[in-house]
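The values are calculated or read from the model by the stated rules, or taken from the named source; none is laboratory data. Bear in mind that the values here come from a model prediction, so they are computed numbers and not experimental data. Note that each Cβ is placed from the backbone with ideal geometry, even for glycine, and that neighbours are counted across all protein chains shown. Areas reflect the complete protein model, heavy atoms only, side chains present, ligands, DNA and RNA absent. Shrake-Rupley method; radii C 1.70, N 1.55, O 1.52, S 1.80 Å.
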Amino acid sequence: MFDPITEELFRNAISAIGDEMVLTIYRTAYSGVLKNIMDYSAAICDGEGRLVAQGLSLPGHLCSIPVALQAVLKHFGSDVHEGDIFINNDPYDGGMHLPDIFIFKPVFADGKPIAFAATICHHTDVGGRVPGSNASDSLEIYAEGLRIPPLKLYERGQPNTTLFRMIERNVRLPNRVFGDIRSQLAACEIAVRGVTDLVGRYGADGVRTLMVAMMDYSERLTRQCLLELPDGEATFTDWIDDDQIDAGKPIPLVCTIRKKGDSMEVDWTGSSPQVKGSINNTLSFTAAMSFTAVKSVLSVNMPNNDGVFRPIKIIAPLGTITHGKLPAACAARGLTGFRGTDCAFGALAMLYPDKVFAASDGGNTGLTIGGYDKDLNPFIYVDFISGAWGGRPWADGLDGNTMMMANMASFSCEVIEAENPLEVLDYEFVPDSGGAGKFRGGMSQRKTWRMLADEGVLQVRADRQTHRPYGLYGGGPGTPGLNVMDPGQATQETLHSKITMTLRKGQVFRHELPGAGGWGPALDRDLGSVARDLRDGLVTIEAAARDYGVVAAGDPPVIDQAATAALRETLRKERPPLPDVAFLPHGEYAA
């Protein structure tokens, strides 16, 4: 047994190793999706494969690392030796989707694995029918790219040259992929050194005891936080627009939250059967979206590890969109994970209205443009465009911020243009896009690209064009998303939310994210907040009057206090309140 001070010092030390792993990938990665967008995670697991500490990275990977590591341990058992390094990306054997490649390196003490260094990175390309390996319209996993089951990338320090050659021949940009794999290996080496130092300080048995204590500590905190919440049950239903294959056919997501005592169930029974398009979740990703939502309403930010998972049971029937069955395609499963997080928030909002914010933008939009130059050299641009948080019971939603489960960064426009045959024409907020409310939703963003190469494949994974981000408790929904080809030109065309098409030289593509939902009645919004939004150009004079009952004029706009009071009084009499969950704005609900 160790005293509480020693346990706290150990928690901070091993958590710092996880953060150092994250920074190592950030500093050494080759691809923009890692060094700019930061779509990766790093963690330390104990010798049994349980998550002990996760670096500051993606909540979307909360449950994926131990699931993938358990698959490795299942295959190799005791065949784990110093110098071994394992690799895996198979969604049906511990992985999530093919671009996410896991790398695991054991840390030995007293001749036995005491821990595993773990990294997961979204790679630019892993082969398949579409550059970037991330299309929404693949019909089965066999079309999506290279499946790597749990294998040894290195065995006793020696590289598996057969596997390296196999990867090289099946991806479009092997130098970039191998560069990012080396980045993962570097992060794992940092972890090995850090954990070895802890063994030198506390001893092997001491480190094992302290890792168990750390997980138990998180479990105690999680259970205590759950005890603070009232017991209850609530079900929430939201809809994905479609899967690109059955266009126009909404896909239900159904989440039931059951809270009793110090435990909770998150049940996805009732959600759609698995779909033809590639937006099917693995169970680990459904668990991650569930844990993300639940952890956000707890009063303590306890360390992310196996202890957090223990009091929370995840139910996702096999063969549904929340737990796909082979050969379900899953490359674009990020969409379902992001939308599922908002669905879980909806159920939690019914139980704990003072703790949950309105719908986000629906999760980031995945966009890839890839092809070949005149010398047949490949190029692949992968971007995840992040938008906004929903209005919160105590504050506005965040503008220009990734939704909670994604936690990614924006891709620098200058880097995009320097590394790809593309010109970025704009990247800006869309006024009036955030759902109106006492606390408004975050504003969406638009981004516009011009193709400079002769041609390439444009792939877009987006949503919320027909089912808008919901507002809560009187707040309005955010605006729908939008895809437009050649905006402002005679050839302008509005496109579907999910696209796989040829983009030719000179063509211009614009994407607008959905706006996030608002919270609380818009007519209760503080005039100072409306004035600030008017001054910043986030709300127009017309929308201020229509949505908030605020009369303003001039440049910069100045609010007329008397006219505003009169207009608000009129609107309160004429306009019925929105429902607790609003998918439509005022004027679109039947009388």
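Would you call Gly528 surrounded by fewer than 18 Cβ atoms within 10 Å (Cβ to Cβ) and at pLDDT 95 or above?
When the stated conditions are applied, Gly528 passes them.
Filtering region 252-293 down to residues that are aliphatic (A, V, I, L, M) and out of contact with any Leu (no Cβ under 7 Å at 6 or more places or on another chain), which residue is most open to solvent (accessible area, probe 1.4 Å)? Let's see the steps before the verdict.
Going residue by residue through region 252-293, those that are aliphatic (A, V, I, L, M) are 253-254, 257, 264, 266, 275, 279, 283, 287-289, 293.
Narrowing the set further to residues that are out of contact with any Leu (no Cβ under 7 Å at 6 or more places or on another chain) leaves 253-254, 266, 275, 283, 287, 289.
Numbers: Leu253: 0, Val254: 21, Val266: 1, Val275: 24, Leu283: 73, Ala287: 7, Met289: 0 Å².
Restricting to residues being aliphatic (A, V, I, L, M) and out of contact with any Leu (no Cβ under 7 Å at 6 or more places or on another chain), the top hit is Leu283.
Only one of these conditions is not met by Lys259: (1) over 25 Å from Cys330 (Cα atoms); (2) part of a helix (DSSP H, G or I). Which number is it?
(2)
Any residue in region 451-459 that is under 16 Å from Met403 (Cβ atoms) and open to solvent by 40 Å² or more (accessible area, probe 1.4 Å)?
Checked region 451-459: no residue is under 16 Å from Met403 (Cβ atoms) and open to solvent by 40 Å² or more (accessible area, probe 1.4 Å).
Could you check region 474-499 and list, in sequence order, the residues that are farther than 26 Å from Gly518 by Cβ and touching a residue at least 40 places away in the same chain (Cβ under 8 Å)?
His496, Lys498, Ile499
What's the number of the only condition in (1) in contact (Cβ under 8 Å) with a residue 60 or more places away in the chain; (2) of a type outside the set (Asp, Glu); (3) under 26 Å from Ser529 (Cβ atoms) that Ala395 fails to meet?
(1) is the only condition that Ala395 fails.
Are any residues in region 360-373 open to solvent by less than 10 Å² (accessible area, probe 1.4 Å) and either among the hydroxyl-bearing types (Ser, Thr, Tyr) or closer than 18 Å to Val266 by Cα (or both), and if so, which ones?
Ser360, Thr365, Thr368
Quick grid of which residues meet (1) open to solvent by 50 Å² or more (accessible area, probe 1.4 Å); (2) among the basic types (Lys, Arg); (3) modelled with pLDDT of 95 or more; (4) over 30 Å from Pro353 (Cβ atoms):
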site	(1), (2), (3), (4)
Tyr470	no, no, yes, no
Val484	no, no, yes, yes
Leu495	no, no, yes, yes
Pro521	yes, no, yes, no
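Of the residues that make up region 105-116, is at least one more than 20 Å from Arg333 (Cβ to Cβ) and without any contact (Cβ under 8 Å) to a residue 12 or more places away in the chain?
Yes, region 105-116 contains at least one residue that is more than 20 Å from Arg333 (Cβ to Cβ) and without any contact (Cβ under 8 Å) to a residue 12 or more places away in the chain.
Would you be able to tell me the number of residues in region 401-413 that are under 21 Å from Cys343 (Cα atoms) and either among the β-branched types (Val, Ile, Thr) or open to solvent by 20 Å² or more (accessible area, probe 1.4 Å) (or both)?
Taking region 401-413 and keeping what is under 21 Å from Cys343 (Cα atoms), we get 401-408.
Going one step further and asking which of them are either among the β-branched types (Val, Ile, Thr) or open to solvent by 20 Å² or more (accessible area, probe 1.4 Å) (or both), we end up with 401-402, 404, 407-408.
Going through region 401-413 one residue at a time, the tally reaches 5.
When only residues in region 267-290 that are touching a Phe, Trp or Tyr at 6+ places or on another chain (Cβ under 8 Å) and among the aliphatic types (A, V, I, L, M) count, which is nearest to Pro480 (Cα to Cα)?
The residue in question is Met289.
I'd like to check which helices (runs of 4 or more DSSP H) are fully inside region 126-233 and have at least 3 residues that are crowded, with 18+ Cβ neighbours inside 10 Å.
Correct list: 174-202, 204-228.
Do we find that Arg201 is touching a residue at least 24 places away in the same chain (Cβ under 8 Å), farther than 15 Å from Leu23 by Cα and of a type in the set (D, E, K, R) in this structure?
No.
Can you tell me which residue among Val551, Val558, Val539 is within 21 Å of Arg446 (Cβ to Cβ) and modelled with pLDDT of 95 or more?
Sole residue among the options that is within 21 Å of Arg446 (Cβ to Cβ) and modelled with pLDDT of 95 or more: Val539.
Among Leu422, Leu376, which is open to solvent by 20 Å² or more (accessible area, probe 1.4 Å), more than 14 Å from Glu512 (Cβ to Cβ) and of a type in the set (A, V, I, L, M)?
Every option except Leu376 fails the conditions.
Pick out the one residue from Ile380, Ile416, Ile385 that is closer than 22 Å to Thr336 by Cα and either of a type in the set (D, E, K, R) or touching a Leu at 6+ places or on another chain (Cβ under 8 Å) (or both). Steps first, please.
On the way: Ile380 fails: closer than 22 Å to Thr336 by Cα; Ile416 fails: closer than 22 Å to Thr336 by Cα.
Going through Ile380, Ile416, Ile385 in turn, the sole match is Ile385.
Can you give me the ranges of the strands (runs of 3 or more DSSP E) entirely in region 310-421 with at least 2 residues that are modelled with pLDDT of 95 or more, within 25 Å of His61 (Cβ to Cβ) and under 17 Å from the mean Cα position of the chain (by Cα)?
Those strands (runs of 3 or more DSSP E) span 365-372, 378-385.
Applying the selection to region 543-591, what residues are assigned to a helix (DSSP H, G or I), more than 32 Å from the chain's Cα centre (by Cα), under 18 Å from Gly471 (Cβ atoms) and of a type in the set (D, E, K, R)?
Matches in region 543-591: Arg546, Arg572.
Anything in region 325-341 that is open to solvent by less than 10 Å² (accessible area, probe 1.4 Å) and touching a Leu at 6+ places or on another chain (Cβ under 9 Å)? List them, or say none.
Ala329, Cys330, Ala331, Thr336, Arg339, Gly340
Kindly list, by first and then second residue, each pair from a residue in region 206-235 that is closer than 18 Å to Leu62 by Cα to a residue that is aromatic (Phe, Trp, Tyr) and modelled with pLDDT of 95 or more, limited to pairs with Cβ atoms under 8 Å and residues at least 6 apart or on different chains.
Met214/Phe10
Go through region 64-81 and report how many residues are farther than 14 Å from Pro113 by Cβ, β-branched (Val, Ile, Thr) and touching a Phe, Trp or Tyr at 6+ places or on another chain (Cβ under 9 Å). Spell out the reasoning first.
From region 64-81, those farther than 14 Å from Pro113 by Cβ are 64-68, 71, 74-75; that's our starting set.
Narrowing the set further to residues that are β-branched (Val, Ile, Thr) leaves 65, 67.
Still in the running and touching a Phe, Trp or Tyr at 6+ places or on another chain (Cβ under 9 Å): 65.
Number satisfying all stated conditions: 1.
Take the conditions buried (at least 24 other Cβ atoms within 10 Å of the Cβ), modelled with pLDDT of 95 or more and either outside any strand (DSSP E or B) or under 24 Å from the mean Cα position of the chain (by Cα) (or both) and apply them to Gly441. Does it pass?
yes
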